[in-house]
Each structure stands twice: as structure tokens, then as C-alpha cells.
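Here is the structure we will look at, set down as C-alpha cells.
The values are calculated or read from the model by the stated rules, or taken from the named source; none is laboratory data. All values derive from a computational prediction rather than experimental measurement. Here the Cβ positions follow ideal geometry from the backbone for every residue, glycine too, while neighbour counts run over all protein chains shown.
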Amino acid sequence: MKRFNHKCVRYDRNDLRKFLKVSFALLILFIASIPLSTFVDAKDKDKKPKKPKDKSAIFNLSYLNPDAQFTSIDYSGIEYYLNGELLYVTNSLGLIEIDINKLGEQNFTMIFGGVRYEFIFNESITESIILNTKSIDALAMWDEIFMSIVNSTNDFNLNLLYFDGTSWVTIETFTAVESGMVQFNNLIMGEYALSSGIKDTSITFTIGQDMINYTDTMIVVPDKTEISITYFDSIFGTDYPVDLSTINYILEIWSNTANDYITIPENYYVAVKDDVLGMIVIYELLQSGNEYRICIGNAWNENYEFNEDVLTEIGLTAKSLVAEFLWSFESEPVNGTNFELFYYDGTDYISAGIYTTDINGKIIITELLPMGTYKFDDYATFDIVADDVVKTVGYTVESILGGFRTPAWISFGSVKSKLFSFLTIKINLYYEGE
């Protein structure tokens, strides 16, 4: 057997230290040369990557002091813009929730009732938007007479109704309309109606998002009581209208307290008078179901009952005329002579007929003449007024033959004619009376 002899080498302690230091330094250099991602990937190679954090915006809508009758408010349909894109509120409770995954600034804009609400953000936000309420100015006006409705003329009231999506809800009622103009405040956007209460009249409209104040006029058809005043008969035929411009009349209502008719105060009704047509139209008598009458004064001095809301026809007796024609000498009557009567119609004189004097030199027209201005031929005019019952006028007739006397059996015909081509007649009005 071969024997090996091992020689023991003896190392110095200092050499061993140097060897360890060198080895450690090489290890550090080796580790430093390895990429850091190698360690990270090895550590997280089984983990899922994280999603970017979502951005969100929450806006809560509410009205500033809405009317208490709005028990539930639907905010859906209100417009807003997100980065210039038009969107609509879909939540009826007024909650806008926006999830934003885009990077960078976001712009939220809403314009409501003239107020601009704008928010620019790049992080999640929660904001409250207080919306201003809206108002309505409503004018109630009577049709035909186009006058504002005031409460002194009737038990008139004005109702404002709101459609809540299911039914109409009364928001407010005005029972004291002093000037005809009514204002409703603290309203929300939506569909509304104005109703005249006791009148079957209403209008509907919508108050939109951009609107601040809505103005409208409600035309109400009034109750009408018509009184037509004509003459029973006249030179112009039957039912000729009475000129009301100079007639005195008052409206009365029966009073149980006074046990008599009393005058209706003028602020209890509106009356429109057509003088030419002889028509009085009374709008909106204050109290219905009562007894009424019209008292016509002057020479008639008569009372006529009438019914509300219908046409009442009243006939008056026309005026009478006695016209006397006398010769200027000895005051003898001008008998059997024709005179043409003219009536002034407001523009010109029109013929009202040719009349012949009787044996007493008179022309008598009984209860056929309307009030107005008249004249015979081209001579002096005279007026027949409301206070006349029988109008009397007198004329003197002159001729160039002062001593010529007219026998009763001679008729001159028209006073404009000539007798034997040399006798002319001239008429002078010598008296006028009732």
C-alpha cells in the first residue's frame, strides 16, 4: 500500500482575513450587477395589477324656500353640461352622480333661472346646488270690455294649480283681487294652470328652466245683462233706437231690508252704453238671483224690471210735435200748406216727411218723433229733448202782399211755391215751447 504524506500548510491569520474581505467585496459587486426588477418581479409575479382610482362627482339639487304645497318635487329633466356635453338629470330626487375615468380637469355647468352654477375639479367632489324659485304675474281681464277684474265687481277668485305628474294640485288661491294683477311666488319649474274659480275659464302653461318670471293674461268671458231701449213707433219705423246720450237712468236692486228698491252702487257692476244703438250692457252684477229694475227719468219717469244675464227690451213712447203756422198780418192760420220736416242724423239733414197744415194752420205729429234736432224746410231749427212730451213751435208766414188774405178754400201747397208768380211766402219761427 502506497502511503501519501500530507503536508500541513500553515496559514497566517492575517492572510485569512484578507481572503474573506476580498470574497465579500466580490459578492457585493455581483449582487449590485443584478437588476432590481428581477427581485420585484419575482416577489409580485403572482399579484394582479391595480386599476386607476375612479373620480366621482355628486351634486344635490334643491329649491330655495319653495311653496309648502310642493310636497314632492320632481327634479328630472333639468339640463346640465359636463365638459360641454348636454346631459339631463334623470334622478327625480335631484341627485346627480357622475363617475369620471378620464384624466385631467372636469367641468360641470348648469344654468337655472338666469343663474350659472359651474364647478371645475380633478378630484372627487360633493356639492349642493340651491335653485332659485320662480314667480308668476297674472292679469285677469274681462273680455269685450278689456278691463281688469277687481273683486268689487264679483266674487271672483284666481286659483293657481300645479300638475305633479298625476293630478292637478292647488298651490294658491287669491280671493282679494284689488287691481286685477296677481303675483304667485316661490314656484318650481313645471306645468301650471290658472283658473278663474267660479268662472269656467282656465289657461295652462309651462315654466321652464331658464324662466325667472312668467307673465300671462287670462281673458274671462263675463256675464252680460243687456237692455235694449227703443221707441214703440216713430217716423222711421218701429223699434227705432233711443239716443241715450241725454237720458237719465239709474239701476236698482230689491232690498229686503229696506223693503224697496235701492240704487246699485256703480262699483258693483260695469256698464257700457251705446247711445246710437240704444243699448246698455251691464257686466257682472255683484249679486245673482235678485230683482232688478232700471228707472228712466226725464219725461218718461217709468220703471222697467229686467233680468240678469239676458236681453231685456224696453219700449219708450216717442215725442209729439205741434207746429203752428200763422200769417204775419192779423195772425190768421196758414192752412192747407205743405211743409217738409227734416231730421239731423249727426251728419246731415234727412227728410222726415211732408206734412200739411190743418184748418187751424197746425201740423200735429203724435208720439212719432225721436229726440233730436229738426227743421221745417230751410228755416229755423228746433230740438226735441228727453224732457219733452209734446214739443210746440210756432212760425209766422209773411208775403209781399201784406194785405192779401187767404181764404180757407185756397191752398198754397209748398211754402216755397209762388202764387201767380209774384206772391212769395216767408216763414219766421215766432215761438218754441213744450
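Selection over the range 128-142 of residues that are surrounded by fewer than 21 Cβ atoms within 10 Å (Cβ to Cβ) and at pLDDT 95 or above gives a count of 6. Restricted to the range 171-199, and to residues there that are under 15 Å from Trp142 (Cβ atoms) and part of a loop (DSSP other than H, G, I, E, B), the residue that is modelled with the highest pLDDT is Ser196.
Scanning the range 366-423 for residues that are modelled with pLDDT of 50 or more, in a strand (DSSP E or B) and over 60 Å from the mean Cα position of the chain (by Cα) returns Thr396, Val397, Glu398, Ser399. Residues that are surrounded by fewer than 14 Cβ atoms within 10 Å (Cβ to Cβ) and within 30 Å of Cys295 (Cβ to Cβ) within the range 206-222 comprise just one, Val221. Whether a residue is crowded, with 18+ Cβ neighbours inside 10 Å, under 15 Å from Tyr162 (Cβ atoms) and either free of Cβ contacts under 8 Å to residues at least 12 places away in the same chain or of a type outside the set (S, T, N, Q) (or both) was assessed, and Phe59 does not pass this test. Of all residues in the range 229-243, those that are free of Cβ contacts under 8 Å to residues at least 60 places away in the same chain have Cβ atoms under 8 Å from Cβ atoms of residues that are among the hydrophobic types (A, V, I, L, M, F, W, C) and part of a loop (DSSP other than H, G, I, E, B), 6 or more apart or on another chain, in Thr238/Phe232; Pro241/Val276; Pro241/Leu277. Exactly one residue among Glu308, Glu332 is surrounded by fewer than 17 Cβ atoms within 10 Å (Cβ to Cβ) and on the phi < 0 side of the Ramachandran plot, and that residue is Glu332. The single residue among Trp300, Trp254 that is crowded, with 17+ Cβ neighbours inside 10 Å and more than 30 Å from Leu158 (Cβ to Cβ) turns out to be Trp300. Here Glu226 clears all of (1) modelled with pLDDT of 90 or more; (2) loosely packed, with under 14 Cβ neighbours inside 10 Å; (3) closer than 30 Å to Tyr240 by Cα except the condition numbered (2). When only residues in the range 350-365 that are among the β-branched types (Val, Ile, Thr) and not in a strand (DSSP E or B) count, which is nearest to Thr238 (Cα to Cα)? Only one residue tops the list, namely Thr357. Among the residues making up the range 235-262, a single one is in a strand (DSSP E or B), charged (D, E, K, R) and within 33 Å of the chain's Cα centre (by Cα): Glu252. Taking every residue in the range 181-203 that is in the same structural domain as Asp74 (by TED's automatic domain parsing) and pairing it with any residue that is in a strand (DSSP E or B) and at pLDDT below 90, at least 6 positions away or on another chain, yields no pair with a Cβ-Cβ distance below 8 Å.
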